[in-house]
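Accompanying notes for the structure given below.
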Amino acid sequence: MPSETEKQKIYQMADQFIDVANRLASEPGQDLALVGAAIRYAAARFNAHEASLQSEDLEAEQMEVLSWFTDQYQKMLIDNIEQHVEIQKSRKAKVTN
């Protein structure tokens, strides 16, 4: 598990990627789903590269690597969805008040 300092570095770097995605998504005529697909593809491509550098036998470890990255992504996605659920609840509460 990353330390608090490492978590802050991760969040700061992630914010830079999100800034690029937001800039791309704000371009006239841009499809949000395409931007999302591009950032997921970029993450998958970089993660495969990362795995290849950290593994001595990626072919033999492929399923373990896939499971690890999938689990990590799922945990991160759940955390972020939960944050957005709370944001939506807050917005709805303001509208009804």
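For the range 1-22, how many residues meet the condition of being among the basic types (Lys, Arg) and open to solvent by less than 60 Å² (accessible area, probe 1.4 Å)? So that I can check it myself, show each step before the final result.
As a first pass, look at the range 1-22 and keep what is among the basic types (Lys, Arg): 7, 9.
Then drop every residue that is not open to solvent by less than 60 Å² (accessible area, probe 1.4 Å), which leaves 7.
Total meeting the criteria: 1.
Limited to the range 23-52, what total is found for residues that are part of a helix (DSSP H, G or I) and either modelled with pLDDT under 95 or open to solvent by 90 Å² or more (accessible area, probe 1.4 Å) (or both)?
Adding up the residues that qualify gives 8.
Residue by residue through the range 75-97, note down the ones that are open to solvent by 100 Å² or more (accessible area, probe 1.4 Å) and not hydrophobic (A, V, I, L, M, F, W, C).
The first filter runs over the range 75-97 and keeps only residues open to solvent by 100 Å² or more (accessible area, probe 1.4 Å), leaving 75-76, 82-84, 86, 88-89, 91-92, 94-97.
Within the range 75-97, LYS75, GLU82, GLN83, HIS84, GLU86, GLN88, LYS89, ARG91, LYS92, LYS94, THR96, ASN97 meet the criteria.
Among the residues that make up the range 54-63, is at least one of them part of a loop (DSSP other than H, G, I, E, B), open to solvent by less than 80 Å² (accessible area, probe 1.4 Å) and either without any contact (Cβ under 8 Å) to a residue 60 or more places away in the chain or hydrophobic (A, V, I, L, M, F, W, C) (or both)? If you could, list the steps in order and put the result at the bottom.
First pass over the range 54-63, keeping only residues part of a loop (DSSP other than H, G, I, E, B): 55-57.
Cutting the leftovers down to open to solvent by less than 80 Å² (accessible area, probe 1.4 Å) gives us 55, 57.
Then keep just the ones that are either without any contact (Cβ under 8 Å) to a residue 60 or more places away in the chain or hydrophobic (A, V, I, L, M, F, W, C) (or both); that gives 55, 57.
Looking for residues that are part of a loop (DSSP other than H, G, I, E, B), open to solvent by less than 80 Å² (accessible area, probe 1.4 Å) and either without any contact (Cβ under 8 Å) to a residue 60 or more places away in the chain or hydrophobic (A, V, I, L, M, F, W, C) (or both), one finds at least one in the range 54-63, hence yes.
The values are calculated or read from the model by the stated rules, or taken from the named source; none is laboratory data. Predicted model, so just to flag it, every value in this text is computed and none were measured. Neighbour counts run over all protein chains shown; Cβ positions are idealised from the backbone, glycine included. Side chains are part of the model used for accessible areas, which takes the heavy atoms of the whole protein and leaves out ligands, DNA and RNA. Shrake-Rupley method; radii C 1.70, N 1.55, O 1.52, S 1.80 Å.
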